[in-house]
Structure formats: structure tokens, C-alpha cells
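As C-alpha cells, the structure follows; a few thoughts come after it.
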Amino acid sequence: MSAPTRPAPRPRRGAAPRPSAPSRLRYTLTQLGVLVLIIVCIVLVEAKWDRLLEAPALSLNYGGLMIEGLLQNPFSEPYSRYWTDAIGLMLESLQIAWIGTVIGAIFSFPIGFLAASNIAPRGVVIVTRQILNIIRAVPELVLAIAIMLPIFGLGPLAGALAIGVGSIGTLGKLTSEAIEAVPTGPGEATRSSGAQTLQTLRWAITPQILPEVIAFWLYRFEINIRASAILGILGAGGVGSLLAQVFERRDWERIGITLTVIVVVTVIVDQISGAVRHRVISGVPVPIGKAIV
Amino acid sequence: MTAPATAQRASTTRPRRPRPRVGTFVAILAVLVITVWAGDGIDFDLAPLWTDFGRGWFIIQEFLAPNWDYVGRTIGPFIETLSIAVIATLVGCTIGLAMSLLASRVTTANPILYRASKIFLSVVRSLPDVGYGLLFFAIVGAGSLAGILALIFFNIGIIAKLTSETIDAVDRGPLEAADATGASSLQRARFAVVPMILPNYLSYCLYVFELNIRASVVIGIVGGGGIGSSISVEFARFNYSNVSAIVVLLIVVVFLIDLLSQSVRRRLT
């Protein structure tokens, strides 16, 4: 790829000549293209680039204020209130994300079967898939402001429902793909023992896809935690509303506390959810001594 | 078949049902308890769906009648959003590649550096895109610069996680070959690791670009410029039919970019 640092040794007589370097034309053209694209974008974006120079100093300054807020005694007023407020609202965000995920899981499971081409008739599959595509194309934010907030009013419920409907789209698609990838053996076995369609789905398909599908649910839960923070900024409850509030007042000490709560809780929940996912996918770790017995 | 005949063949009796596992019950119970706690916490109630539907219907009606005349005025903000996404993707993905080399055991032998990068990345990832939007809005003021900076941080987290996992799973042969020629760890990363992960990495970059288009809307709402700013202005003025026009256009743009990027990604991998 890069130019040789040393001149290539002269080929000895009789030795095979060095192969010529492969053409770099496409590579160079791509690089040029990307360069032009960047320049065009930088011109079009009209950003106030001069602010970039002040940013590091300002960030240090604000960062210092945030750390100051964190270092205050968390049991003295008003800091104890700041901490409990942030933790309480973060828990509400978790509740929103959980309910959203439960709604998504409950609805997406049967929909996944309807969208699987090896289960449902062709017509049903096409219609269901289109519905799922439409849901996935609409951002949750739009679902929230266009449908849920007007009907359910400002509050966590609107957020949970928007996230729930949004989750149906992705979970339904993932579930249907898992069902389509299932080996046909167990299904044939249950049918040959006289099982009806529903029994086949229950005893042959479901056990095969369940670990994977549960892992999808947990993964979606992790995504939904972040989504619920976004919706909070529009007034759909949770820690997002607090975040927007403290940022509006430039209350840097409180911003520091709130951001810390968000980061710590998210990391903890991600770790737990990741551990459960791993356990669901790869099963109980069997100690070697016990496995023989 | 008579009764004595079956009795003789004792070996074909039905196998005993496996005992239900305690762990499964505990897990189901835990899920139920959390669901009830969460539902109670957010006052879960579907009654507004029929009692307050009229209140929402008025707004939904406006959404169903998009104001197409407004579309002309959104072209500028849309170009701004695309530019923000392109710049943020390029910068974020470049830094993300460097971070992912640091956050994989394959390329980083030093355990302290490896651990530190992992922790740094998980902190970067745990803040939602909107958090960065608010943060940079406060630091550099309203406008597209705040949006670009916010998306860069958002991208570093995603790219570094996906790419470092790809690096972890890389084929060891070329690495050993590079080691055998006496390559330094930087040369090893450049000539043995990067060529192997390049198709996956580029595919992640395109995926991140898709995400950026969506995310720049949200970031625009909190002051990061682009189409999101237009949405929040029209929303604040209760011009729902204008919001609806933007949203429809946005869905089309997102859909087209997804199609384009997916076809490129399919060729890459």
C-alpha cells in the first residue's frame, strides 16, 4: 500500500522479476471523492467554526463545575435533593423503557410468526412485512409527537407507548428472521406425531427460537433506555425532562450530577442485561465434574 | 393390542416428564414483578385511547393533511442535516477506528491501556445522543457545529464497539506472519489487522451514517441545527401540518439513504 522505504534490490540475473504493484487508481479516486465530499459539506454546513477554538477551554471550565457538583457532600441540602431527583427520574426512564419493551415483545411475537415465510401464507407475509417496514421507517420521536402525546398527554405513558410501538417494528422483523432460520426437523417430527399447526408452533418452533428472541428483547431494552431519555426532552417523562431543564438553566453542578446518574445506571443495566443475554444464549455453565454424572 | 401385551414391554412406557426448573419460575416471576412495578410507576392505563381520543384526533387530522407548500422551504435545512451527518460520520468513524484498535486485546497488548479504553468507550456509549446534543449546545451555542460535535461522540461509541468486536474475532494467521517479520505493533495493526476488518468497518460506517440522519433530527430539536431545528420551530408554533410535511419528507429521505447504503453494504461484505 505505502511506497517502499528502501529502493528494491536489483533483481539477480535469472531470478524472477518482482511483480508490479497492483493498480491504485480506484483507491486514489475514492480518496479524491471523499475529499471533495468533505469540502462540499464543510462549505454547505455553515457551522460557526471559530467557536471550535473556544470549545476546549469552555469544556474544561464547565467540566470543572460539573465535577465540583459531584464532589459536594451528597447528603447535604440541596445536593441530596439533586441526587434523589435524578435517580428517581432515571428509574422512571427505566420503567418507560421496560414497559415499552414488554409491549413490543408481546405484540411482536405473534406478528413474527405472521411475517415468517415458512409459517404463514404468502399474502399474509407480504402484508405483515409491509406494516413492520412502515413502523420501522417512522422514528419513535415522530410517533410520540404525532400520536401519543396528543392522545395521552405529556407524561411517561405517552413515551412508553411510543417506544412500545417502535419496538414492534424491529422485534417483529428479527423474530420472523429467527423463525425462518429454524431447522425443519423438529417441525416434521411433531407433525408426524399428529400435532396440529398451533401445536407445531408451540412445541417445535417456539423452543428453537426462544433463546434468540429473548436476547433480542433484552437488546431492545438496552436501546429503549436511551430512547426514553430522548423522548423525555419532548415532555414524555423520565430523566430527559430533567436534563433539558437543567441545561436550560445552565446549572452545571446539577448537569454533572444528572449526567453521572444516567451514565452509571445505564452502564449497570447494560452489564446485567448483557450477562442475562449471554446466559440465555449459551445456557447454564456446566462444571466439568458434574457433567459426567 | 391387549393390556397384558403392553405390560410386558415395560421398556416402552412413557418417559417421565422432566421436572420444571426452579430457575425458569424465578425468572418469570422476576419479569412479572418488574413489569408490575414499572407499569405502576408510569401509571399505565389505556383508557385515554377511547376517552381522550377526540383531543388527539384534532392534531392527528392535521398530521394527515401535510402542508406541501412548506416543503420548498425545508430543502436548505435538509442539506444542512445531510452535511452534518457526512462530516460527523467521517470524523467519528476515523477516531472510532483508532479507539477500536486500542480497545481490542488483539492489537493492544498493554492490559492497562486496553482496560482504560474499554471503560472510556462504555462511558462514551452510555450517554444518549441527545445528552451530547444538549452538552454541545451549551458549550458552542446553537447551530450545526453543536450537532456535528454531538454526532461525532455518538459515532465514536458505536463504531468502536462494533469494530473492536470484529477485531477480537479476526483470523490469527496474518498477525503471526506480521509478528514473524518483526513488525511493530503499529505496523501489525496497519498491515495485518486493518485489511482484514476493512469491509466490515466500512459497512459499520455506512450503518452509522444511516443512524446519523435519524439522530440529527433529535439533535436538531435540542439546538443542533438542520431539519430538527425546523421541526422544533414548527412544533412550537403548533403548525402540525408543516411538521407533518417535514416528517413525510424525512421518512422518504431516510428510506432512500437506507436503500443506497444497504446496497453498498451488501457489496462490501
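Filter region A:110-149 for residues that are within 14 Å of chain B (Cβ to nearest Cβ), assigned to a helix (DSSP H, G or I) and not aliphatic (A, V, I, L, M) and give the result. Listed by number, the residues that qualify are A:Gln130, A:Asn133, A:Arg136, A:Glu140. Checked against (1) more than 14 Å from every other protein chain (Cβ to nearest Cβ); (2) farther than 26 Å from A:Ile268 by Cβ; (3) in a helix (DSSP H, G or I), B:Leu113 meets all criteria but (2). Number of residues in region B:44-55 that are loosely packed, with under 13 Cβ neighbours inside 10 Å, facing another protein chain (nearest Cβ under 7 Å) and not in a helix (DSSP H, G or I): the value is 1. Screening region A:267-278 for residues that are modelled with pLDDT under 90 and within 10 Å of another protein chain (Cβ to nearest Cβ) and picking the one that is surrounded by the fewest Cβ atoms within 10 Å (Cβ to Cβ) gives A:Gln271.
For every residue, the table says whether it meets (1) more than 12 Å from chain A (Cβ to nearest Cβ); (2) outside any helix (DSSP H, G or I); (3) at pLDDT 90 or above; (4) on the phi < 0 side of the Ramachandran plot.
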site: B:Ala177; (1), (2), (3), (4): yes, no, yes, yes
site: B:Ala183; (1), (2), (3), (4): yes, yes, no, yes
site: B:Tyr201; (1), (2), (3), (4): yes, no, yes, yes
site: B:Leu206; (1), (2), (3), (4): yes, no, no, yes
site: B:Ala215; (1), (2), (3), (4): no, no, no, yes
site: B:Ile219; (1), (2), (3), (4): no, no, no, yes
site: B:Val222; (1), (2), (3), (4): no, no, no, yes
site: B:Ser229; (1), (2), (3), (4): yes, no, no, yes
site: B:Phe235; (1), (2), (3), (4): no, no, no, yes
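B:Ile231 falls short on exactly one of the conditions (1) crowded, with 18+ Cβ neighbours inside 10 Å; (2) touching a residue at least 40 places away in the same chain (Cβ under 8 Å), and that condition is (2). Residues in region B:124-148 that are touching a helix residue (DSSP H, G or I) at 6+ places or on another chain (Cβ under 6 Å), within 23 Å of B:Thr163 (Cβ to Cβ) and in a helix (DSSP H, G or I): B:Val124, B:Arg125, B:Ser126, B:Asp129, B:Tyr132, B:Ile148. What are the residues in region B:255-264 that are facing chain A (nearest Cβ under 8 Å) and either crowded, with 18+ Cβ neighbours inside 10 Å or modelled with pLDDT of 85 or more (or both), if any? Correct list: empty. Are any of the residues in region A:154-164 under 15 Å from the mean Cα position of the chain (by Cα), under 13 Å from A:Gly100 (Cα atoms) and not aromatic (Phe, Trp, Tyr)? Yes: one or more hits. Scanning region A:102-134 for residues that are among the aromatic types (Phe, Trp, Tyr) and within 26 Å of A:Pro183 (Cβ to Cβ), which turns out surrounded by the fewest Cβ atoms within 10 Å (Cβ to Cβ)? The selected residue is A:Phe109.
If you filter region B:74-86 down to residues that are surrounded by fewer than 24 Cβ atoms within 10 Å (Cβ to Cβ) and within 13 Å of another protein chain (Cβ to nearest Cβ), you find that the one that is nearest to A:Val36 (Cα to Cα) is B:Val86.
Got at least one residue in region A:1-16 being at pLDDT below 85 and touching a Gly at 6+ places or on another chain (Cβ under 6 Å)? No: zero hits.
Residues in region B:141-156 that are surrounded by fewer than 24 Cβ atoms within 10 Å (Cβ to Cβ) and modelled with pLDDT under 90: B:Gly141, B:Ala142, B:Gly143.
When region B:121-137 is limited to residues that are facing chain A (nearest Cβ under 7 Å) and of a type in the set (Val, Ile, Thr), the one that is surrounded by the fewest Cβ atoms within 10 Å (Cβ to Cβ) turns out to be B:Val123.
The values are calculated or read from the model by the stated rules, or taken from the named source; none is laboratory data. Note that the structure is predicted; figures quoted are calculated from it, not measured. FYI the Cβ positions are ideal-geometry reconstructions off the backbone, even for glycines, and counts take in every protein chain you see.
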